[in-house]
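Before any comments, here is the structure.
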Amino acid sequence: QLQASGGGLVQAGGSLRLSCAASGRTFTGYTMAWFRQAPGKEREFVTSIKWNGGNTNYKDSVKGRFTISRDVAKKTVYLQMNSLQPEDTAVYYCAASSRVIYSTLGVSGAYGYWGQGTQVTVSS
């Protein structure tokens, strides 16, 4: 029901745009998020957006470089990533939750729907 795409290999300083296409159900009222997981590390919150109102939140290290947005008509959430750094290398997952609140935005267990992940590799 969530299909992530757009990952790839990019040099440091480059850009990528990830997409998360929703299908099979409506996510009206949901919080949509991107998480990432680097090898040997736990999955971590990157950013989120309210499907209805567009309220956004970002991990501190990506503020000013990453932008989350959504196209309601296309039922797609995007993650524009600029000024990519090697430490951004990870598998990126999109997720959706109807019950997450501000204090649990970064808790992966609060999200009931997950995409399959897309690999982002940033070379130095």
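The values are calculated or read from the model by the stated rules, or taken from the named source; none is laboratory data. Remember, it's a predicted structure, so these values are computed and weren't measured experimentally. Quick reminder, even Gly has a Cβ in these numbers, built from the backbone with ideal geometry, and neighbours come from all protein chains shown. SASA here: full protein model, heavy atoms, side chains in, ligands and nucleic acids out. Shrake-Rupley method; radii C 1.70, N 1.55, O 1.52, S 1.80 Å.
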Counting only residues in segment 9-27 that are part of a loop (DSSP other than H, G, I, E, B) and of a type outside the set (Ser, Thr, Tyr), the one surrounded by the most Cβ atoms within 10 Å (Cβ to Cβ) is identified as Phe27
Any residue at all in segment 66-85 that is out of contact with any Asp or Glu (no Cβ under 6 Å at 6 or more places or on another chain), surrounded by fewer than 15 Cβ atoms within 10 Å (Cβ to Cβ), without any contact (Cβ under 8 Å) to a residue 40 or more places away in the chain and not in a strand (DSSP E or B)?
yes
Within segment 28-43, restricting to residues that are open to solvent by 60 Å² or more (accessible area, probe 1.4 Å) and of a type outside the set (S, T, N, Q), the one that is farthest from Lys74 (Cα to Cα) is Gly40
Residue count, segment 1-35 (criterion: farther than 29 Å from Ser103 by Cβ and of a type in the set (Ser, Thr, Tyr))
3
Flag if Gly106 is of a type outside the set (A, V, I, L, M) and free of Cβ contacts under 8 Å to residues at least 24 places away in the same chain
no
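Residue by residue, here is whether (1) closer than 21 Å to Ser61 by Cβ; (2) over 14 Å from the mean Cα position of the chain (by Cα) holds:
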| residue | (1), (2) |
| --- | --- |
| Gln1 | no, yes |
| Gly7 | yes, no |
| Gly13 | yes, yes |
| Ala21 | no, no |
| Thr26 | no, yes |
| Glu42 | yes, yes |
Return only the number of the condition from (1) farther than 14 Å from Ser15 by Cα; (2) free of Cβ contacts under 8 Å to residues at least 40 places away in the same chain; (3) open to solvent by 70 Å² or more (accessible area, probe 1.4 Å) that Gln116 does not satisfy.
(2)
Looking for something within 22 Å of Val122 (Cβ to Cβ), in a strand (DSSP E or B) and open to solvent by 60 Å² or more (accessible area, probe 1.4 Å) - is there at least one such residue anywhere in segment 48-64?
no
Specify the residue that is modelled with the lowest pLDDT; the eligible residues are those in segment 46-55 that are in contact with a strand residue (DSSP E or B) (Cβ under 8 Å, 6 or more places away or on another chain) and more than 15 Å from Leu18 (Cβ to Cβ).
Gly54
Single unsatisfied condition, Thr31 versus (1) under 27 Å from Ser123 (Cα atoms); (2) in contact with a strand residue (DSSP E or B) (Cβ under 7 Å, 6 or more places away or on another chain); (3) not basic (Lys, Arg)
(1)
